[in-house]
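The values are calculated or read from the model by the stated rules, or taken from the named source; none is laboratory data. Everything quoted here is computed from the prediction, not taken from an experiment. With ideal geometry, Cβ positions are generated from the backbone for all residues, glycine too; neighbour counts draw on all protein chains shown.
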Amino acid sequence: MTARPLLHATGLKVNYGATTALRSASIDVAPGELVAVMGASGSGKSTLLHCLAGLVRPNTGGVEFDGTDLFTLDDAGRSELRLRRMGMVFQFGELVPELSLVENIALPLWLLDGERKAAQDRACDMLEQFDIADQGHKRPGEVSGGQMQRAAVARALVHRPSVVFADEPTGALDTANAQIVMESLVGQARQQGAAVVLVTHESRLASYCDRDVVVRNGVAGSAFDTDPAVIDVDGEVTTQ
């Protein structure tokens with residue numbers, strides 16, 4: 001018996017005015033699976049991620065998260081689901097500049113249950129796991145880009161989510177720091193059993209994942225174990 005996917009999206013179409021960002025995108029992500037979503041700039045890969053996270057409502061098509069149709073929930077319901085079961089990492093971290101690193105990491109737990117001591121202890125543990133314990137008292141503007149991004153990944157994982165959505169999480173980093181951040185993200189996600197949906201245009205980063213999905217002209221197709229990789233034929237994604 002095949003296990004139910006954690007994420008199941010079918011026929012996603014998203015229009016921004018006259019521009020079609022997605023036109024027929026479908027994807028399944030299994031529990032604990034690491035999936036790289038690849039494609040050129042403007043291909044629709046970030047829009048796909050935002051639909052999967054319930055941040056963008058598609059014009060047509062649907063997204064199920066662990067059996068729940070995301071878009072039958074109201075905005076508050078989707079926000080609650082994201083807070084409890086999803087983590088987010090963006091290219092520039094998006095940490096709260098007025099808070100220290102440990103406070104930024106603890107923030108999801110504070111919002112969930114308000115237990116500040118337990119949240120602080122868990123955040124300190126994550127600082128240790130990401131090898132930035134000595135930076136925990138500093139604010140984001142007082143640490144390096146690599147340290148800041150490790151804190152952002154730690155924040156995404158601190159509440160033990162079912163899935164982490166990472167949108168170009170190393171795009172602002174040099175090669176050495178990008179490797180550290182990816183190894184931290186992948187290692188902690190696998191340890192916790194969390195799925196990861198990673199948007200990237202770099203095959204080097206995609207190699208950390210279990211499977212690749214390529215988005216071209218707003219259509220998603222599998223590029224995993226194919227030779228050659230995805231071919232775009234009249235706007236449709238096929239494999240050979």
Does Gln91 qualify as being in contact (Cβ under 8 Å) with a residue 24 or more places away in the chain and surrounded by 15 or more Cβ atoms within 10 Å (Cβ to Cβ)? yes
Within the group Val197, Val186, Val181, Val153, which residue is touching a Gly at 6+ places or on another chain (Cβ under 7 Å), under 27 Å from Ser43 (Cα atoms) and not assigned by TED's automatic domain parsing to the domain that holds Ala40? Val181
What are the residues in the range 156-178 that are among the aliphatic types (A, V, I, L, M), within 27 Å of Thr47 (Cβ to Cβ) and either touching a strand residue (DSSP E or B) at 6+ places or on another chain (Cβ under 6 Å) or assigned to a helix (DSSP H, G or I) (or both), if any? Ala156, Leu157, Val163, Val164, Ala166, Ala178
Can you say whether Phe65 is of a type in the set (Phe, Trp, Tyr), at pLDDT 95 or above and crowded, with 20+ Cβ neighbours inside 10 Å, as far as the supplied structure shows? yes
Residue count, the range 108-118, condition farther than 13 Å from Leu157 by Cβ and in a helix (DSSP H, G or I), comes to 7
